[in-house]
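Okay, so here's the structure we're looking at.
The values are calculated or read from the model by the stated rules, or taken from the named source; none is laboratory data. Given the structure is predicted, the values throughout are model-derived calculations rather than measurements. Neighbour counts run over all protein chains shown; Cβ positions are idealised from the backbone, glycine included.
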């Protein structure tokens with residue numbers, strides 16, 4: 001099925017089947033786009049359409065827990081190493097040997113993990129939306145007084161039971177809609193078509209449970225999720241209520257390669273709040289560091 005220039009495809013990776021959106025010529029420079037929570041691949045449709053028109057080959061998967069046939073039950077199956085392996089498995093299934101990586105929110109956190117694991121062998125450039133270097137983000141989430149409200153939210157998101165997921169989806173997802181004010185009704189409907197299926201949203205919350213609310217990475221040695229030498233760009237909204245400036249500042253010390261930081265007068269949902277600016281910045285990053 002196609003949506004304009006966008007096609008729905010299936011990709012086999014990590015012994016599972018991932019639903020994905022694809023757009024652009026098959027011989028275009030590869031771009032892999034990772035969504036956050038409570039989003040799906042649909043968050044990228046406008047940006048994918050524009051990049052495809054410019055000649056890029058774009059693939060955006062519904063990630064582990066979101067794709068119905070990539071939804072294991074065990075919380076341990078959502079550990080960072082598995083989510084990171086998915087990135088490379090999906091890229092390989094899409095025919096991407098070397099590629100650009102673009103990611104938002106939880107996708108961006110795993111994007112930093114992928115960059116660390118790859119060391120520039122396959123990832124030509126990385127554009128992260130909202131989330132700074134993941135170790136720095138976790139440190140700031142733990143230590144910054146400005147992150148107190150987010151820490152309270154993490155406790156609910158990481159709870160073992162599914163009560164919070166049920167609360168967010170109750171009354172036509174009223175609790176979820178409060179947090180998606182920048183998204184169109186059409187986009188929210190796309191998200192709910194995936195997350196509204198029994199068990200799906202609870203599976204998405206396994207990302208939080210497996211990471212202990214982002215804290216598990218701080219138990220690992222500094223050599224894990226350490227210095228990043230490949231070209232990176234971080235786009236951050238100065239009004240983001242979940243990602244504080246401390247994480248941005250602490251993240252700089254890990255960036256040893258070409259890097260750019262862009263602060264927008266926006267909140268967390270950058271691709272929806274400032275789509276033209278975000279697209280222009282992504283295109284600039286891709287153009288500077290071709291595959």
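What the table below lists for this structure:
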quantity	calculated
Number of the condition not met by residue 129 [criteria: (1) touching a residue at least 60 places away in the same chain (Cβ under 8 Å); (2) more than 17 Å from residue 207 (Cβ to Cβ); (3) within 15 Å of the chain's Cα centre (by Cα)]	(2)
Residue 165 vs. criteria at pLDDT below 90, surrounded by 19 or more Cβ atoms within 10 Å (Cβ to Cβ) and touching a helix residue (DSSP H, G or I) at 6+ places or on another chain (Cβ under 9 Å)	yes
Set 278, 217, 262: member being within 27 Å of residue 30 (Cβ to Cβ), part of a helix (DSSP H, G or I) and touching a helix residue (DSSP H, G or I) at 6+ places or on another chain (Cβ under 7 Å)	278
Subset of the stretch 99-126 (residues that are more than 18 Å from residue 37 (Cα to Cα) and touching a residue at least 60 places away in the same chain (Cβ under 8 Å))	99, 100, 115, 116, 118, 119, 120, 123, 124, 125, 126
Checking residue 226 against (1) closer than 22 Å to residue 41 by Cα; (2) out of contact with any strand residue (DSSP E or B) (no Cβ under 7 Å at 6 or more places or on another chain); (3) touching a residue at least 12 places away in the same chain (Cβ under 8 Å), the condition it does not meet	(1)
Count of the stretch 232-277 residues which are more than 23 Å from residue 150 (Cα to Cα), crowded, with 16+ Cβ neighbours inside 10 Å and in contact (Cβ under 8 Å) with a residue 60 or more places away in the chain	4
Filter result for residue 209 (surrounded by 15 or more Cβ atoms within 10 Å (Cβ to Cβ) and closer than 30 Å to residue 156 by Cα)	yes
Residue within the stretch 223-230 that is part of a helix (DSSP H, G or I) and surrounded by 15 or more Cβ atoms within 10 Å (Cβ to Cβ) present	no
Failed item in (1) buried (at least 24 other Cβ atoms within 10 Å of the Cβ); (2) touching a residue at least 60 places away in the same chain (Cβ under 8 Å); (3) under 20 Å from residue 291 (Cβ atoms), with residue 87 passing the rest	(2)
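One line per residue, one yes/no per condition, for (1) surrounded by 15 or more Cβ atoms within 10 Å (Cβ to Cβ); (2) at pLDDT 95 or above; (3) closer than 22 Å to residue 239 by Cα; (4) in contact with a helix residue (DSSP H, G or I) (Cβ under 8 Å, 6 or more places away or on another chain):
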{"site": "123", "(1), (2), (3), (4)": "yes, yes, no, yes"}
{"site": "130", "(1), (2), (3), (4)": "yes, yes, yes, yes"}
{"site": "137", "(1), (2), (3), (4)": "yes, yes, yes, yes"}
{"site": "142", "(1), (2), (3), (4)": "no, yes, yes, yes"}
{"site": "153", "(1), (2), (3), (4)": "yes, no, yes, no"}
{"site": "157", "(1), (2), (3), (4)": "yes, no, yes, yes"}
